[in-house]
Each structure stands twice: as structure tokens, then as C-alpha cells.
1. Looking at region 68-97 only, could you name the residues that are more than 19 Å from Lys46 (Cα to Cα) and not in a strand (DSSP E or B)?
2. Condition check: on the phi > 0 side of the Ramachandran plot and surrounded by 15 or more Cβ atoms within 10 Å (Cβ to Cβ). Does Asn71 satisfy that?
Amino acid sequence: MRTLLTQLALILLALGCAGCTTANKRLYEGPPRERAEVAVLKVQWKATGHSARIETIDDQPVEKGRAFALNIKQAELLPGEHTLEVSYFNGPTTSINTIPLTFTCKAGGLYELRVAPIDEGFGGAVAVAAGGRGHWTAWIMDADTKEVLAGKPRTTALRWYEK
């Protein structure tokens, strides 16, 4: 009986973890469109690392208020201007506020949503690790040209104590 319960628990855990991410998500209504007709936004996501989450798009909830987030890795958008509300997480550390990012995407375009902690020095990193609150930044850039279209990027590499 104990072995059966252990196997069942492992199966449920595997199914739960498999449902924690979704590779591609359409963030528009209507039927699927050809790749050339939509813009693709790659979302920074790592199982154990600095990751972004799209909470809303154009005031419509995507992840906001969900008990279990989908952690979208890639989103399809219709061409035009969009406003995203973005949050940040790194393992158990999550942001308490969101950052709004407005950008204009083109059909066939490839974009990247990035997040990073703001470098507040070693003391700031220790305070966050002890349960304090840190600061972070988010930005969207064109994946081909690396031009920043929205937000403020981090300009320095992560330090050893931020990884």
C-alpha cells in the first residue's frame, strides 16, 4: 500500500510540474494565424533563475489572480501597440508590484521580454535573501536588432551574489 501511495504521489508531482509551463500561448482572440501574421514575444523563464511573468495584456488578465501560473515562455501577439503588466520571480522570491511596458510590434517580428534585479550591492542581496524586498527592472527588446522598445534594461552583468 505504501509503495502504491508513493508511486501515485510521484505521478501527481510529475503531472503538476509538467503543467507549470506552457511553451507557446496565443494572447489574442480568434483562430490561430500564420507565423508571418503575428509577432512572437519570448519571455525570460528559467526553472531556477530570474524569470518574467505576463500578468495582463491590454488590461486583460493573462496570469493575474491565477493560483497556479502557466509561466508562458513564448507569446503570440497581433501586430500593433500593446501594454503588458509584468511581474518578476526568482524561485520563491516574487515581486509585489508589476511594471507596465508599452511597445509596438510588427507582423513577423520577434521580441524578448527580459527582467533582472537592480544591483543594490552585496548588502542588498543579503537583505533580500533574509526575506527583504529587492528592486528589479523589466524591458522588451527587438530580438534581431537588440533595440530596447520599452522599459529600462539592466546594463551590468549579474554579480556572483545575485545569481
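Taken together, the values in this text are just the output of simple stated rules run on the coordinates, not laboratory data. None of these values were measured; they are calculated from a predicted model. With ideal geometry, Cβ positions are generated from the backbone for all residues, glycine too; neighbour counts draw on all protein chains shown.
1. Hits for region 68-97 are Leu78, Pro79, Ile96, Asn97.
2. Details: on the phi > 0 side of the Ramachandran plot: yes; surrounded by 15 or more Cβ atoms within 10 Å (Cβ to Cβ): yes.
Criteria met by Asn71.
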